[in-house]
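What follows is a set of notes on a single structure, which appears directly below.
The values are calculated or read from the model by the stated rules, or taken from the named source; none is laboratory data. Nothing here was measured: the structure is a model prediction, and the numbers come from that model. When we count neighbours, we look across all protein chains shown, and the Cβ atoms used for this are built from the backbone with ideal geometry, even at glycine. Note: areas computed on protein heavy atoms with side chains; ligands, DNA, RNA excluded. Shrake-Rupley method; radii C 1.70, N 1.55, O 1.52, S 1.80 Å.
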Amino acid sequence: MLVQHEEARNKIIEIARSIFSHFGFKKTTMEEIATASRKGKSSIYYYFNNKEEIFKAVVEREAEELKAELMTKIKETEDPKERLRIYILVRMRKLNNLTNFYSALKSDYLSHLDFIEQIRKTYDLEEIKMVSQIIQEGMDKGEFGVNDPQLSAIAIVTAMKGLEVPMFTGNFQGDFEMRINNVINFLFYGILKR
């Protein structure tokens, strides 16, 4: 019984994820989610109290997907420079595909939902922690010459956030990977002539 309940709930989350991605939170209705799920509206309410609760489950699922993929990819190498490069590339690519999660992070319209601010804070802290760990590894191996891995991680995360808007609005001209690699090279080598 519990397995069936969880399977039905997961199916609703996946269907709602698609609908939210297509129409956005504001325009999506419980009726649309019920129809797409081939369930009555009352059945949807058995699993979720309201549209906000479904959206929260969708956003949390996408956040977990992003985190899992990042962890998997950065474990593919021991080289801290390559880990940081992979982290940035995978993060930017994956975030572009996680419409609902990105919307939760950036949309002012959604900020009235109580859980959104908590998701934003949690994501920011996890991201800074992950990047900080990579930087610390690089410092331990003598490859990164920074004094404060936490502060460096905040700077890198801030730089990535600055790339999101032009990338996701289509103003990110040219080859995606080449542009990200240019940013990474700038982070590694700066602008000073050596």
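The residues of the range 34-190 have, on average, 54 Å² of accessible surface per residue, using a 1.4 Å probe with all protein chains present.
When only Cα pairs below 8 angstrom with a gap of at least 6 residues are kept, the chain shows a relative contact order of 17 percent. For the chain, the Cα-based Rg and Dmax, in that order, read 19.4, 67 Å. Between ILE33, SER43, LEU113, the Cα set farthest toward the positive side of the dipole of the chain (charges on each charged residue's Cβ, about the Cα centre) is that of ILE33. Projected label points at ALA68 and ARG93, each 7 Å from Cα along the beta carbon direction, are separated by 1.8 nanometres.
Counting only residues at least eight positions apart within a chain, or on another chain, the lysines with an alpha carbon under 17 Å from that of LYS11 are LYS39, LYS41, LYS51, LYS56. Each principal axis of the Cα cloud of the range 93-145 was evaluated for its coordinate range; sorted largest first, these ranges are 45, 22, 12 Å. The mean sequence separation of alpha-carbon pairs under 8 Å and at least six residues apart, normalised by the residue count of the range 1-108, gives a relative contact order of 25 percent. Using Cβ point charges alone (K and R +1, D and E -1), the dipole size of the chain about the Cα centre works out to roughly 420 debye. Full extension of the segment from LYS11 to LEU187, taken as 0.36 nm per residue of separation minus the current Cα-Cα distance, would add 59.2 nm. In the chain, the calculated helix contribution to ellipticity at 222 nm averages -26000 deg cm²/dmol per residue, counting -39,500 (n - 2.57) for every DSSP H run with n ≥ 4. Available extension along the chain between LYS141 and LEU2 is 45.2 nm, counting 0.36 nm per residue and deducting the alpha carbon span. Here the range 81-190 has 51 percent of its accessible surface on carbon and sulfur atoms, given a 1.4 Å probe and all protein chains in place.
With a Förster radius of 30 Å applied to the C-beta separation of ASP124 and ASP79, the computed FRET efficiency comes to 0.70.
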